[in-house]
Each structure stands twice: as C-alpha cells, then as structure tokens.
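Down below is the structure, laid out as structure tokens.
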Amino acid sequence: MIRGIDRRLALAGGLSLVAGCGSTAGPPSRAPAWGRPARVVSLNPCLDVILVEVADRAQIGALSHYARDDYGSTIADIARTLPFTYESAEEVIALRPDLVLTGRHSSLATRNALARLDIPTALFGVPNTVEESLEQVREVARLVGHPQRGERLIGRIERALAAAAPAPQAERLSALVFMPGGFASGPGTLMDEMMTRMGLINAASRYGLRRSMNVPLELVIADPPDVLLAGEPYPGAPSWAERVMEHPALARVAGDMRRAVFPERLLFCGGPVLIQTAAVLARARDAALGRAA
C-alpha cells in the first residue's frame, strides 16, 4: 500500500484536486476506430472511478490496483470484484484490450510497449477545473461507447455541486486542506475551485502558495484558518495534521480553528468523486458556521 508523497505521485493521473499543473484530456492517442470497445483496461485510479460509472461491467477488462485500496479509493468495494493490474505491459497485453485508458503519470515503459503493438490507448491529463473534470467524464464515456451515461453522470455531479453550494449571502470562512506530509492545494487547482464553490476561502493563497506545496507551521500559527480539514489517520498512526495540532506552538491557536475530517480518498480525483468532495466541504462549512453562531 502506498502512502504519503509516494502515493500522490503514483496516483497522479490522478492528482486532479491537488495538482498545480497539467491539463485535461486531449485527443486520444489511438482510440478504437470500430465503435464500442469490448474490453477496456484502465491504468489510472481517477479514470477507474469514471469507467465503473459509464461502462458495462463486461467491458471492464481491468482497473488499476490502486482502486482496491480502502483508504485511498472511493470505489474499493466495486474494484475488488473486478480484475486489476499493476500496470505492467505484460499484464495489460495479456488481457488483449480494445482500449487502454492511461494518465500522464502512468508507466511510460508500458505506454511505449502498447504503442509498439498498436494497442489503442487514450492518454488523459490532470483536470484543474470542474469544467475540465466534467469534460474528462464526457470523453471517457464517449470512448467506451456510452455517451449518454456520461451526460447523466455529469448531470448528477452538477446537481450535487449546486445542492452543496452556500446561500448567496452566506459568510465565507477561510479553510486549509492538509494532505499527507503537510501539503496543501494552492490556487489554480481543482480543490481550490471546489473550496470556492462551497463558500470557503482557500487559506493557502494567503500563505503565499502559488501551487500545491508544504505550508510552514509558522504561517499557520501566525494566521490560523477558520477551518482545518485534515485526513483520516492511518490505523495505529496519527495523521500529519493531527501531529501538527498537538505541537506545543499551536496550543494557543488550536481553539480558533474548527477541525473537520477530509478523507484522503477525496484528495486525488475529480469526476464522480466531486459529489462526495462537495458534501464533505459543505458539512465542514456548515458545522463551522453553526459553531460560530
């Protein structure tokens, strides 16, 4: 099981909520020319979560092994009932896929091997906005031959975001989402937009972050956010944010921050994961406002 920074790098196709660079999917590298593919393999966990929503179960040749991780995946229960790979070229080729969905951080050796064998692949980047994320849903659905399912999923996501949005005149609170290792999402990321949509001001900007990077403890002490969203601890170990909150230097400001749990599994992907992300952010916002009242 991969944790912390190594996990973030591994998941990156990936790191839609936290990445500070990259783009959404462009034209597929070599999409199948004969219509609906019979066997689709995904090498990326963020494409996994879209694929299980828009493809027939029989179409799914395999998901990435990350999709089975209870801690890091929103579809672990479903993923454990489906085949998976560790992203090696040998595994993928043996499945004889009609289409392989890959991210820019998927194994380059595997992607090159698929290209040499002329196996149709679609290469996706990292969406930095909600609109780019929805377009990624639309493109995956189109590639697997179920565009109408993509539109239905987009509708569900848009309705969930609208339902979780704050009232027009609601008070806006500052918030900071801590990732493993103390990293936070800066401006121009999907997480930053989601926080804004949910009526939260991303405190990372006032700490000077221009991308996803570590937030110095001194800045948090000097100017604590209204809401601190931290991940769930691993079994037997506290989260980084919990260790920070126990730091003696934070004792005098810890009471000024409302704590809320933000599961790590919501940090990595957009698409249908945005439904859960919006709900968690909205609950944290409402709880903090209720406490202040």
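The values are calculated or read from the model by the stated rules, or taken from the named source; none is laboratory data. Remember, it's a predicted structure, so these values are computed and weren't measured experimentally. Neighbour counts run over all protein chains shown; Cβ positions are idealised from the backbone, glycine included.
Descriptive notes on the structure:
- Looking across Gly103, Gly155, one residue alone is touching a Phe, Trp or Tyr at 6+ places or on another chain (Cβ under 6 Å), assigned by TED's automatic domain parsing to the domain that holds Arg36 and on the phi < 0 side of the Ramachandran plot. It is Gly103.
- Of residues in region 40-80 being more than 20 Å from the chain's Cα centre (by Cα) and surrounded by fewer than 16 Cβ atoms within 10 Å (Cβ to Cβ), the one farthest from Glu264 (Cα to Cα): Ala58
- Unmet criterion (only one of (1) among the hydroxyl-bearing types (Ser, Thr, Tyr); (2) modelled with pLDDT under 95; (3) under 25 Å from Ala62 (Cβ atoms)) for Ser133: (2)
- Among (1) touching an Asp or Glu at 6+ places or on another chain (Cβ under 9 Å); (2) of a type outside the set (A, V, I, L, M, F, W, C); (3) not in a helix (DSSP H, G or I) - the single one Ser205 does not satisfy: (3)
- Residues that are basic (Lys, Arg) and either closer than 16 Å to Gly271 by Cβ or in contact with a Gly (Cβ under 7 Å, 6 or more places away or on another chain) (or both) within region 101-133 comprise just one, Arg104.
- When region 174-224 is filtered for residues that are under 17 Å from the mean Cα position of the chain (by Cα) and basic (Lys, Arg), the ones remaining, listed by number, are Arg197, Arg211.
- The lone exception for Pro97 - which of (1) surrounded by 20 or more Cβ atoms within 10 Å (Cβ to Cβ); (2) in contact with a helix residue (DSSP H, G or I) (Cβ under 8 Å, 6 or more places away or on another chain); (3) touching a residue at least 24 places away in the same chain (Cβ under 8 Å) it fails: (2)
- Enumeration of residues in region 178-202 that are part of a helix (DSSP H, G or I) and buried (at least 24 other Cβ atoms within 10 Å of the Cβ): Leu190, Met191, Asp192, Met194, Met195
- Region 237-261: number of residues that are surrounded by 19 or more Cβ atoms within 10 Å (Cβ to Cβ) and modelled with pLDDT of 65 or more: 2
- Region 218-236, residues that are at pLDDT 85 or above and in a loop (DSSP other than H, G, I, E, B): Asp223, Pro224, Pro225, Asp226
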